Structure formats: structure tokens, C-alpha cells
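The values are calculated or read from the model by the stated rules, or taken from the named source; none is laboratory data. Model, not experiment: these values are computed from the prediction. Using ideal geometry, Cβ is built from the backbone for each residue, glycine included, and neighbour counts are taken over all protein chains shown.
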């Protein structure tokens, strides 16, 4: 794992090396620049008064006491903000979704605890909170809709909609499927129930809105893409005189929560417009855990039919998700359906997906938002293996799509190619030594110790390249001083793109990585790109960086050839020097060529443009670039306490060409541990009245350093058909970790016949299931 | 609100200020002193991002009021590297081990490690225990624990 070093200035291939990150020296010395680190002259701060009840009509709002607090500069309700010209909408539209009327603050009704009702703007946050606490709201409380079961039966929580059904999706009816199940040798059935999670970036959301002069609205934002956020604000603004510019320097994690600005951020912009002063809102952790968008809370019922040789014949899937009240996307499981077959030959699929509104916090897409397909399928594959009496690894091998069978078209219409599920499975199983483990497991059981092995496999659709996700762009310049400036539409919230993109560019331009400066923090430079989301940046950003670098290198070569009296084909750039093949003595620093390009126009070819710059917009191969992985986990379950201890974790992934393996492994590790948190610890739950019951990190348990295994990484490298051969890797760990761990726990508890399909697998729940199983015998 | 005159040594520089009694040390360091490397992640003492060193001990800046630091010496992440910019061993270990991604929890993790190794030789288990008091959402702790191992090894070598 040690970081290999590269001698500055010496030619090397940077792509593929575990280089230390360019951003780390800044972040390790306290010189990062997160949104709350920025203070502007005259800046005011916001606190919200939020709903204390899940569902009510607002009878009256009393602001008199709040107004008496010195230092309060503005108090706004929904009606007050209406005049500001800022509107909220769902950027992630879903076909046929039924969306409520979005308001920045609660208008006449509240539909969840934490619904912002009143916005207080004051000299500082302390004063704003003092005043927000004095707001008095008189509610006419109604019976809340909390669960999906209630949502299906209850009157709509949004009166403007005719039901709580926010959207639905399905495969066309296929009468053959019922017949297949009737005749199948084996039918396996189970429902995986995933609890609700909070994304929990360590930096909560935050925004500063500061109007510059008359035209520009400058926004500092904790987000996943300044370009995307600027488009969102601009499209939601009804005032043609306002132009939005979004700056996002360091961002402390996002994971989907910050994919678009939401009600509070847009309300802050509205307040800045109304007050004519810079306004800041920084979300606190109570708000983040109870009022920010949340994730998961889905059920997936999976039935699998196998022939007598344990080969898959059909799957029948029913998926439901709780959207909460104000979802960023009303997605009924479109990608869950599209990817349901995963890496297996599945001839037939029946699928129904439904999304339900409820009086809870809204849903947002969290790292691998469609993971229900992998969790449901892989957990049921293991249940099938137990039921059929076959090794779960053998069951997978028998059904997995090999490289020779690719391209392979799923029954959902997606065509999969350039993936290696079989190779990754074999790699993790090889690391584990299956036979030795089974012997150890059997011996342990005789001592009353319960060990389990879980394996899971998946294919991930990364780098979607349609609609607003179609492309990324790179603008690269060689400055007169020879440094390389690259303005990219990528954005890092910890992804390390400042390093990885510099690695790609340094290779293509033949310069040292230290010579490359990456800029991705300002929507007013560079061009549109969607930023982080959908595991796309290595592929789309990397492809754009390669394309622009090659155009630029060609310009350098042409100019150098002209200046050095050589053929362009004989020019090579390496280590920041321009060389002519066979003529070592004319080698020239790149800086000298660049200086000439800018400052000595008379020496340029007559048709050459001044300067050294190139722009390239790259569309990755549509619709997706697929990556894949197999993980294995060994755990021990204490059957008295129900505590799960993870003993080993082996990850084998294929994300194509790795730009920086340490960054790749960092992405996988972070995702895996988020998945472990989802399986064992984390739970956002509501009581019957719709009150959130996890409001601090003492109640909402994130994994700590005590809860994680040392992850063993291995890699299969099969290049994709994208520029550079890269594949996305940001979400995979979070997608595959849950079924891997579920399968390990279920394997450990196989003697008790416990399926472990209802998450989280807390000690209390596991020990109860074990006790029930023992009592039943 | 009551106001108090305090004098705090922050990273070697004396700071005099008038603060409200309710002002947290974390807010004081960020807003009055400009040490924005102090990160506020939960304001209830769990996440550890706001950890600073007060009179040699790693404490949570959100659970201490600025008035309680009157007369104390405080080190934040800004004050950890040498005057020549040389990284502290905890910073260097985190850099080499890819111990950070978004960098938000990092100040607390580094200062906890730094306070611990300043007390003398430490084992990997000691450091593992100490960093388990910090929440990191990005790294899965893999790089942080590699950094802890490096530091423990260096600490053992220094003690030998």
C-alpha cells in the first residue's frame, strides 16, 4: 500500500501510480477552503424554524417575539420568499413522476418534521437561532403517513396529488413467466428490507449568496458540481437580470446529498436578493440528520426460478421505496429494474416498482441509489444456494456471463460489455481458500462459534452519458511560464480529481505532475459538466482531459517543429522538454516554446493562433461504461449477543485502467464501510407520529475505526472502450458491501435457518432471530 | 449576554478577545482567530472534527467554551507543521498513507494522533483506540489506520 514516489521532472507514466494527492498538503495543514470558512463583509446568517410535527395545517405563525431580538435583519415565511423570484424543482426528473408543488418554505401546511416554516436572518447564527426559537406556530395536527403500507392506503399527503403514488415502473407483462415459475425445479423467494439511511457527509450542507453589483449572484456552495448548481439556480430564477456564478472549493463529502441545491440553499439565495446583503446558511448536524434528504428505505421482493441444474430461468421482482415528502427524485426504481439481472444469464424478468410519498424527510440519490438490485439479487442467490444445496460460489459460476458471451443483452434491453464478473469472482475466492474456510467453519461450529462467508458479484452502470450527463469538458493551457493550467468540469468532494486528472494530463503532455494545476471550482470558467455523480469523473473527465491534452500536444509539436526546423512527427515532449528525434542538441524547455507562442508572434507559423490552449468535450460511450466487482467477507456472529465481527474482507474490482490505485482503493474502502454501516449500524427511523428518533451521532451510528476490517484489495484490469480505458468506481463499494455482509451473516447463522434479510442486522435483532429459531426447534 | 475578556495562546501567538459566555472554543478559534482548520461537524462532541490540543490534551472544541480556555495554550492544525513548513509526523503519515479524502475530519484525526505521540511512545493499538473517537465518512478508516501503524512504528523506533 505504500505510496510510490516519482522524481519530479523525470519522465514517467503517472497513470497507474499510487501518487500522493496534490490536495493533501493543503488539507493537512488547515488551509482547505470549505464554504463555512468564507466570511464576507456585511454577511448575515440564517437559522430556520422547522416543523415540530409530521403533518398539519398551519393555523397561524406568530413572529412578534422573534422580531424583538436585536440583530435580526429579516424574518421570512413562504409568502415573503415568493416575491424573490427563486423557485425550487426536481432536477432529476423521472418520466411520468407525479411531483408536488415545491415551495422554499412550508406554505399553509407542513408535511414532515423538519419542514422549514420560517427563515430568520440575523447578524450571526447565535442570534438567528435565538430568534428562530421564539417563532410560535399554531398547528392543526393531522394523522401522519409514515410507512409505505400507510402511504398506499392513506389520502395523499400532498393535496394537489390524487394519491401518494409518486411514480411507478415495470416490465411489460410476459405470460410465460408465470408458467416458468410453475414448472421450475426450484423457486426461491424473499424480501430484502433496507432501512433508511442518512448520507452523513462530515461537512453538512452550506451556502453563501452574495450579490455582486447588479447582475451577478455569487454563490459559495457545498455541492457536487458548481456548473450543475449554477444551472439549477439559473433555471429556477425568474429574474433575467440575475446571473449565477457558483464557487465550490473544498467540499467535505457529499455522497449524493449535495447533487443539487435544495430548499434551504435556494431560500438563502432568495433572502440575499430580498435583503441586498450576503447571506450564509450552514446546516447543523441536527438539521442534517432530521431535515436533510435521506436515502434507501426500500423493500425488494425477489422470486427466482431455477432449472434442475441450478440455472436461472426467471426473476419476479416487486420493489417499493419511501420517497418521503420532498424527494429530490421520485424514482420508482428505473435503474434497479434495468440492472436487476446483474452479471447473470437471466432469460426472463418480471418487475414492478412503486414510489410512495409519506410524511418523512425526502429521498435523495445516495451512492449507488439503485443498489437494491444487487442487494436483492445477491442475497437471494445465497438463499437459493442454501435451499438448493449447492455452494453459493458454484451457483454463481454456473450462471455468470463470461467474457466470451459479451456483448450480452439483458432482458431489460441493456447491453453489457467489457466486464469480468467471472474473473473477479475467481480472484476473491482464490484469496479466501474456500475449502480451508469450510473446514475451519465446521470445526468452529463444534466449539459453538459461528463463522460465515459471504460472496457477492455485480455489474455497475457507470458514467451515464445521456441528457445532462452526456459529456464533460477540459480546457487546458500551457501558460507563458510553462506551467499547465487545466480547467475541468469535474469536481471533488474527496474524489482526488486534482491529483488523478493531473496524472492523466501530465502523461499526455509529457510534463511533471507538479507542473499541472487543476481548476474545477468555479462555474464561471470552463464549461458545463455534471460533476460528481454516477461514478463518472475518471471516465468522462479523464476522457476530456486526454482529448484536450492531445490537441494541445499537437499544437506544441507543430510550433516546435516550425521553431526547430523539424518535422512535427519527430517532436517528442518528455519531462517538460521538447526533443527532436535524432538531434539531442536542439532539446528545448517547453517553457521556451510557450513563451514564444504568447510573446513572439512574429516567429509563429503565419497561420498559427497565438498562445497554447485547447478545449475538448468528451462524450463517453453511451449509455454506460460498465465496471464490475466481486467481494468476499468472513465474519463471526456471537449467537448470545448477536454481535457481528468482520474477520476478513476481500475486494476484487475491475474499473479498467486505474489512474491512481490508491485513489481507487480509497473509493472502494469508503463505499464498503458505508455499506457495512448500512447493514450493521445505521438507522434513521420514525415513531408512529412521524418523529425522527435518530437526531445525533449518538443515535445514528456511523461505523468507527473499531467496526472495520482491514480490506484486502485485488484488481482485474480490463480496459473499457472509453478514452483511456477507464471505468467508474465511486459507488461500487457501497453497492456490493451490503449483500456481501448479509450473505456472510446468513452463512454463519445457516444452522439456525435465519435469512438476515431485514436490515440493519443489529445485535438485538440477530439475537432475537437466533433465540426464536432455537425455541422453534 | 455576558461578555468576558480572555487571553489564549493560539499556535504560539497571544490572542486577547472579548467573548460571550456561550461562545464555543471552536467558534472562537474559527471566527475570532481565523483558524478555519478547526472543523465543526456535529456540535455534540461525537464526530471529533473540531478536536484541538489544549494544554497538551486533545479536546473537542465544540464541547468547551472559549472562556474556559482563558490562560490556556491551544494548538490547531494550522500550528502543527514546523516554521519551515515541514510536516509534523502525524501529517506526514496521513499524507503518505492516503489517510484522507474530503479532508473535513482530518484536522481532528491529526491532532488526536499528534497529542498522543507527544506523550511518548505509543502502540498501534493505542492509536487505533484514539482515532476510533473520530468519524470519517470517506476513507473507511483504511488510510487512517495505515497512518496510525506508520506512526506507531516510528514511535517504537524513536523509543528504542
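Key figures
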item: Index of the failed condition, residue B:58 passing every other in (1) in a loop (DSSP other than H, G, I, E, B); (2) touching a strand residue (DSSP E or B) at 6+ places or on another chain (Cβ under 9 Å); result: (1)
item: Subset of the stretch B:129-160 that is outside any helix (DSSP H, G or I), touching a strand residue (DSSP E or B) at 6+ places or on another chain (Cβ under 9 Å) and buried (at least 21 other Cβ atoms within 10 Å of the Cβ) - its residue that is nearest to the other protein chains (Cβ to nearest Cβ); result: B:140
item: Count of residues meeting criterion [free of Cβ contacts under 8 Å to residues at least 40 places away in the same chain and either within 20 Å of residue A:45 (Cβ to Cβ) or not in a helix (DSSP H, G or I) (or both)] in the stretch A:234-271; result: 3
item: Checking residue A:309 against (1) surrounded by fewer than 24 Cβ atoms within 10 Å (Cβ to Cβ); (2) at positive phi, the condition it does not meet; result: (2)
item: Subset of the stretch B:47-91 that is surrounded by fewer than 19 Cβ atoms within 10 Å (Cβ to Cβ) and facing chain A (nearest Cβ under 10 Å) - its residue that is farthest from residue B:19 (Cα to Cα); result: B:85
item: Whichever residue in the stretch A:427-441 is in contact (Cβ under 8 Å) with a residue 12 or more places away in the chain and within 22 Å of residue A:732 (Cα to Cα) and, among such residues, is surrounded by the most Cβ atoms within 10 Å (Cβ to Cβ); result: A:428
item: Residue check for residue A:379: over 29 Å from the mean Cα position of the chain (by Cα) and within 18 Å of residue A:318 (Cβ to Cβ); result: no
item: Residue within the stretch A:481-503 that is surrounded by fewer than 21 Cβ atoms within 10 Å (Cβ to Cβ), at positive phi and assigned by TED's automatic domain parsing to the domain that holds residue A:547 present; result: yes
item: Residue within the stretch A:116-132 that is under 17 Å from residue A:324 (Cβ atoms), crowded, with 18+ Cβ neighbours inside 10 Å, within 33 Å of the chain's Cα centre (by Cα) and at pLDDT below 95 present; result: no
item: Residue that is part of a helix (DSSP H, G or I) and modelled with pLDDT of 95 or more, where the choices are B:114, B:81; result: B:114
item: Given (1) part of a helix (DSSP H, G or I); (2) more than 8 Å from chain A (Cβ to nearest Cβ); (3) touching a residue at least 12 places away in the same chain (Cβ under 8 Å); (4) over 15 Å from residue A:666 (Cβ atoms), number of the condition residue B:120 does not satisfy; result: (1)
item: Every residue from the stretch A:218-251 that is within 14 Å of chain B (Cβ to nearest Cβ) and surrounded by fewer than 24 Cβ atoms within 10 Å (Cβ to Cβ); result: A:249, A:250
item: Residue in the stretch A:526-535 that is out of contact with any helix residue (DSSP H, G or I) (no Cβ under 6 Å at 6 or more places or on another chain) and surrounded by fewer than 24 Cβ atoms within 10 Å (Cβ to Cβ) present; result: yes
item: Enumeration of residues in the stretch A:570-596 that are in a helix (DSSP H, G or I), out of contact with any helix residue (DSSP H, G or I) (no Cβ under 6 Å at 6 or more places or on another chain) and at pLDDT 95 or above; result: A:570, A:590, A:591, A:592, A:594, A:595
